[in-house]
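*Asks:* Can you read through this structure? Questions will come right after.
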Amino acid sequence: MLDVARRFRPVSYLRRYVDLLALHKLNVLHLHLTDDQGWRMPVAALPRLTEIGGTPHGGAYTRAELTGLVAYAAERGITVVPEIEMPGHVRAALAAHPELGNTPGRTYDVWDRWGVCDTILGVHDTALDFAARSWTR
């Protein structure tokens, strides 16, 4: 498991990590892509996720970078398993889309601390649609 949500790493680092997994005959890379401190995976219908959620802790990956990483890993017998946190650990997403939260009218920043954050997705159709759209191409 590699947490790039809290500490962003460039794709070159991820490829080296894949090489080390292959060297040690490990075949799964669990890639933690979202959390309170960052949203690192692009969602075409929701570009603010990476525009806002990709800061202040480093940035976000492009679709081409992630697709290339998956192909690179597959060539070495490794499966990349993406992880998207929900309904908690979504502060970066709420910074981009506060309407998804559990407190109407509240605004958020990408969290710059560590520990337990009090924000979660709301229980309403907008948040449920967001959850579904986060996994679509």
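Values in this text are rule-based calculations from the coordinates and carry no lab data. Here the structure is a predicted model, which means the values were calculated and not measured. Counting neighbours? That spans all protein chains shown, and the Cβs are built from the backbone with ideal geometry, glycine included.
*Asks:* So if I check each of Leu14, Leu29, which one is within 17 Å of Gly68 (Cβ to Cβ), assigned to a strand (DSSP E or B) and in contact with a helix residue (DSSP H, G or I) (Cβ under 8 Å, 6 or more places away or on another chain)?
*Replies:* On the way: Leu14 fails: assigned to a strand (DSSP E or B).
Being within 17 Å of Gly68 (Cβ to Cβ), assigned to a strand (DSSP E or B) and in contact with a helix residue (DSSP H, G or I) (Cβ under 8 Å, 6 or more places away or on another chain) holds for just one of Leu14, Leu29, which is Leu29.
*Asks:* Just to verify a result, which residue in segment 1-34, among those that are closer than 27 Å to Gly53 by Cβ and of a type in the set (S, T, N, Q), is surrounded by the fewest Cβ atoms within 10 Å (Cβ to Cβ)?
*Replies:* Among them, the one singled out is Ser12.
*Asks:* All but one of (1) in a loop (DSSP other than H, G, I, E, B); (2) among the hydroxyl-bearing types (Ser, Thr, Tyr); (3) touching a strand residue (DSSP E or B) at 6+ places or on another chain (Cβ under 9 Å) hold for Thr50; state the number of the condition that does not hold.
*Replies:* Unmet condition: (1).
*Asks:* Taking segment 90-128, which residues are assigned to a loop (DSSP other than H, G, I, E, B), surrounded by 15 or more Cβ atoms within 10 Å (Cβ to Cβ) and touching a residue at least 60 places away in the same chain (Cβ under 8 Å)? Outline the logic, then answer.
*Replies:* So in segment 90-128, the residues assigned to a loop (DSSP other than H, G, I, E, B) come out as 90, 97, 102-119, 122-124.
Then drop every residue that is not surrounded by 15 or more Cβ atoms within 10 Å (Cβ to Cβ), which leaves 90, 97, 102, 108, 110-111, 117, 119, 122.
Val110, Trp111, Cys117, Thr119, listed by residue number.
*Asks:* Still on this model: Could you figure out which of (1) under 15 Å from the mean Cα position of the chain (by Cα); (2) surrounded by fewer than 13 Cβ atoms within 10 Å (Cβ to Cβ); (3) among the acidic types (Asp, Glu) isn't true of Glu83?
*Replies:* It is condition (2) that Glu83 fails.
*Asks:* So, one more: What's the number of the condition Tyr61 fails, among (1) under 30 Å from Tyr17 (Cα atoms); (2) loosely packed, with under 15 Cβ neighbours inside 10 Å; (3) touching a helix residue (DSSP H, G or I) at 6+ places or on another chain (Cβ under 8 Å)?
*Replies:* Going through the list (1) under 30 Å from Tyr17 (Cα atoms); (2) loosely packed, with under 15 Cβ neighbours inside 10 Å; (3) touching a helix residue (DSSP H, G or I) at 6+ places or on another chain (Cβ under 8 Å), Tyr61 breaks only (2).
*Asks:* Quick one: Gly77 ticks every box in (1) within 22 Å of Asp109 (Cα to Cα); (2) touching a residue at least 24 places away in the same chain (Cβ under 8 Å) except a single one, so which number is it?
*Replies:* Every condition holds for Gly77 apart from (1).
*Asks:* Here are some conditions: (1) under 22 Å from Ser134 (Cα atoms); (2) surrounded by 15 or more Cβ atoms within 10 Å (Cβ to Cβ). Ala73 meets all but one. Which one does it not meet?
*Replies:* Only one criterion in (1) under 22 Å from Ser134 (Cα atoms); (2) surrounded by 15 or more Cβ atoms within 10 Å (Cβ to Cβ) is unmet by Ala73, namely (1).
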